[in-house]
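Taking it in order: structure first as structure tokens, then the write-up.
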Amino acid sequence: MSRIAATFTALAAKQKTALIPYVTAGDSNPHITVPLMHSMVAAGADIIELGIPFSDPMADGPTIQLACERALVHKVSLSNVIAMVAEFRQRNQTTPVVLMGYLNPVEVMGYENFAKQASAAGVDATLIVDLPPEESHSVLPIFKQYDLDSIYLLAPTTNIPRMQTVCNASSGFVYYVSLKGVTGANTLDVSAVAKRLAKIRALSDLPIGVGFGVKDAETAAQVAQIADAVVVGSVLVKMIEDNIDDADKIINNISELLSSMRNAMDSL
């Protein structure tokens, strides 16, 4: 059983929802990423989503775009991100790590070379935003060969036939984007999300994570009532931006927010 499957199985047995924080690797500098990963686990994170810095993150809003720029100032590459995961694994062998990013850096490295290195480092899955299922036939078998799950996005505008296509291509879990637009968008309608999740569950037995619009303990708890995982990203990245030169404050603030989310989710 994969780390992701084992995590969801263990949480389901306790009737708990996964908490999945996102940060961009190398933001605000490369030295903070691994300590921040460990602190997020200590604060209650079940799976970590680690962003690969990219110069044109088209699905992301200004907050995460700026995070990529800050990381790229330090020349953080895909190889550096994989090395960060390997360092994280020296102390943590159980928490799944998902690499989220765009196809170009993976293609430049080479699909098999990337899959081999990522798997050896302890990466559990990829979420490649601009690699749709229709164009992934030559890629997914390579990832599968190296035990990398492939996570795909579903949107509020996705129709039923495409939902099925995405669910068929997905492994690990399915990521439902709860809002139209880019990361960092605002109003979250939980009742509308619940209706969409019911349609997804009719097509797939995979766990469903919900992201975009989760900003505080209250919204995390609301989403936890309807989803298998709560994904939180932009609010954490904004904390890094607001305390860019204070690593301790970044770690403490993010830990406090995640702890509050974990407590709110567990008190349901």
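The values are calculated or read from the model by the stated rules, or taken from the named source; none is laboratory data. These figures come from a predicted structure and were not determined experimentally. Cβ atoms come from the backbone with ideal geometry, glycine included; neighbour counts cover every protein chain shown.
Considering only segment 242-253, I want to know if a residue exists there that is surrounded by fewer than 17 Cβ atoms within 10 Å (Cβ to Cβ), part of a helix (DSSP H, G or I), touching a strand residue (DSSP E or B) at 6+ places or on another chain (Cβ under 8 Å) and without any contact (Cβ under 8 Å) to a residue 12 or more places away in the chain. Within segment 242-253, none of the residues are surrounded by fewer than 17 Cβ atoms within 10 Å (Cβ to Cβ), part of a helix (DSSP H, G or I), touching a strand residue (DSSP E or B) at 6+ places or on another chain (Cβ under 8 Å) and without any contact (Cβ under 8 Å) to a residue 12 or more places away in the chain. If you go through segment 138-156 and pick out every residue that is buried (at least 22 other Cβ atoms within 10 Å of the Cβ) and within 12 Å of residue 114 (Cα to Cα), you end up with 2. Within segment 31-54, residues that are under 23 Å from residue 150 (Cα atoms) and at pLDDT below 95 have Cβ atoms under 6 Å from residues that are among the small types (Gly, Ala, Ser) and surrounded by 23 or more Cβ atoms within 10 Å (Cβ to Cβ) in these pairs: 54/101, counting only partners at least 6 apart in sequence or on another chain. On inspection, residue 185 passes the criterion of being among the hydrophobic types (A, V, I, L, M, F, W, C), modelled with pLDDT under 95 and either under 18 Å from the mean Cα position of the chain (by Cα) or assigned to a strand (DSSP E or B) (or both). The number of residues in segment 204-228 being closer than 19 Å to residue 160 by Cβ and out of contact with any strand residue (DSSP E or B) (no Cβ under 9 Å at 6 or more places or on another chain) comes to 1. Close Cβ contacts (under 7 Å, 6 or more residues apart or on different chains) running from residues in segment 202-214 that are under 11 Å from residue 177 (Cα atoms) and without any contact (Cβ under 8 Å) to a residue 40 or more places away in the chain to residues that are of a type in the set (Phe, Trp, Tyr) and assigned to a strand (DSSP E or B) comprise 208/176; 210/176. Among the hydrophobic types (A, V, I, L, M, F, W, C), surrounded by 15 or more Cβ atoms within 10 Å (Cβ to Cβ), in contact (Cβ under 8 Å) with a residue 60 or more places away in the chain and assigned to a helix (DSSP H, G or I): is that true of residue 239 in this structure? Here the answer is no, as residue 239 does not meet what is asked.
I'm trying to understand the selection: among the residues of segment 224-262, which are within 18 Å of residue 38 (Cα to Cα) and among the polar types (S, T, N, Q)? Steps first, answer last, please.
If we filter segment 224-262 for residues that are within 18 Å of residue 38 (Cα to Cα), which is where we start, we get 231-233, 236-237, 239-240, 246-262.
Result: 252, 253, 255, 259, 260.
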